[in-house]
Structures are given as C-alpha cells and as structure tokens.
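What follows is a short report on a single structure.
The values are calculated or read from the model by the stated rules, or taken from the named source; none is laboratory data. Keep in mind that this is a model prediction, so the values were computed, not measured. Heads up, the Cβs are rebuilt from the backbone with ideal geometry, glycines too, and the neighbour counts pull from every protein chain shown.
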Amino acid sequence: YPDSGLDENYCRNPDNEDSAWCYTTDPDKRWEYCDVANCGDTIALPTPPPTPSAEEIGCVYSSDTLQKDYRGSLAVTTSGRTCQRWDSQSPHSHSRTTAKYPDSGLDENYCRNPDNEDSAWCYTTDPDKRWEYCDVANCGDTIALPTPPPTPSAEEIGCVYSSDTLQKDYRGSLAVTTSGRTCQRWDSQSPHSHSRTTA
C-alpha cells in the first residue's frame with residue numbers, strides 16, 4: 001500500500017473500509033475506526049494520556065546501583081524519547097524478551113535493566129536512536145514527573161471533505177480510535193501482525 005500514507009501510527013484507509021481506521025496497541029482489540037472530522041466541523045482534540053503519579057513511576061534505593069530491581073512505570077528516556085514496548089520488534093529488533101529474561105519485569109514499555117547495563121534503560125520508538133538510559137529517581141529524592149507529549153493541533157489532526165466518503169485521502173495525524181485506543185504503528189507487527197505495509 002505504498003500510496004496510502006501509512007505513516008507513524010496515523011489513522012488511514014488503505015483497503016476501502018467504511019472510513020479511516022488503524023490497528024490498536026491493545027492486544028485484545030485488533031483494529032477500530034477513527035473519528036476523523038469533516039472539514040468545516042469543529043475538530044475535537046484528543047485527550048492526552050494521564051501523566052503517571054510518582055507512586056506509579058517508582059524509584060530505586062541507592063543499594064540497587066544497576067537499578068535491576070526497578071519495577072515502576074517510567075517509559076521515557078533521559079532525552080525525553082518514548083520507550084519501545086519490550087514485546088515489540090519495531091522500530092528496533094532485539095533479543096531482550098520475557099522468554100530470555102523472565103525475571104526482569106519486561107512489561108509494557110517501562111524502563112528496565114535486564115542485562116546489567118549501568119542503569120535502567122529501554123529501546124526507543126525513535127528509529128534513529130536504538131536505546132537510551134532512563135532517569136529513574138532514587139527513593140527519598142523528589143520524583144520529577146515526565147512532561148506529557150503535546151496535544152496535536154487541529155491543523156495537524158486534519159479533516160476530510162464530505163466527497164471523500166471512505167476517507168482514503170486523509171493524511172492528518174489522528175492516532176486514536178473512536179473508543180480512545182492508541183493506534184499501532186503501521187511499520188510494527190506488534191501487538192498485531194498484518195499485511196497493511198508500504199512495501
């Protein structure tokens with residue numbers, strides 16, 4: 001589907017469904033339609049995901065110098081990049097899996113240290129940066145909450161004209177389904193494998 005605009009994890013309609021859609025990052029829901037606005041309508045901006053609390057992000061004690069016991073939900077690197085899910089092989093393929101490191105807490109896309117690096121780290125969702133360390137707080141320190149990603153503007157989200165009934169020409173950045181699920185990247189085969197690719 002080289003001409004279908006299958007960029008990032010944006011809602012698209014490469015295969016003549018009723019409207020724009022995407023695979024979801026929810027392993028229990030393969031795909032859903034997206035609510036793309038008609039041009040001329042007021043565009044509802046998506047609600048950003050909640051910022052995790054200090055308790056959810058967690059911390060490590062100074063005795064855990066390699067942060068191997070960290071089991072919090074920090075999922076952002078020191079430079080602010082989003083962590084790639086451990087069960088995903090895209091954009092970076094890797095061997096750090098729960099099968100090979102069953103006691104390392106490789107849940108979701110949380111910062112971990114399964115292999116004795118200097119501290120907790122993760123693969124990133126940035127195709128140009130394979131992995132980075134995470135800034136896990138020491139217990140007793142004030143925990144800095146990550147800055148949530150910016151909410152895209154109405155211009156970035158885009159719209160479709162009523163003549164584009166199947167929304168095949170939609171090229172905006174809406175990446176959330178009608179039920180609020182986050183869209184899976186088109187170049188990822190996890191959690192859902194598929195044949196809707198640019199190749």
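For this structure, a couple of remarks:
- Verdict on residue 147 being surrounded by fewer than 20 Cβ atoms within 10 Å (Cβ to Cβ), assigned to a loop (DSSP other than H, G, I, E, B), modelled with pLDDT of 90 or more and of a type in the set (Val, Ile, Thr): no
- Residue that is surrounded by the most Cβ atoms within 10 Å (Cβ to Cβ), among those in the range 73-91 that are of a type in the set (Ser, Thr, Tyr) and under 18 Å from residue 8 (Cα atoms): 88
- Filtering the range 107-127 to residues that are within 20 Å of residue 64 (Cβ to Cβ) and either more than 17 Å from the chain's Cα centre (by Cα) or not in a loop (DSSP other than H, G, I, E, B) (or both) leaves 112, 113, 114, 115, 116, 117, 118, 119, 120, 121, 122.
- Among the residues of the range 157-171, those identified as buried (at least 17 other Cβ atoms within 10 Å of the Cβ), at pLDDT below 90, within 11 Å of residue 39 (Cβ to Cβ) and of a type outside the set (Asp, Glu) are 158, 159, 160.
- Test: residue in the range 97-106 that is closer than 19 Å to residue 65 by Cβ, in contact (Cβ under 8 Å) with a residue 40 or more places away in the chain and assigned to a loop (DSSP other than H, G, I, E, B): no
- Any hit, the range 45-66, residues being modelled with pLDDT of 85 or more, in a loop (DSSP other than H, G, I, E, B) and buried (at least 19 other Cβ atoms within 10 Å of the Cβ): no
- Among the residues making up the range 78-92, those that are part of a loop (DSSP other than H, G, I, E, B) and closer than 24 Å to residue 27 by Cβ are 81, 84, 85, 86, 87, 88, 89, 90, 91, 92.
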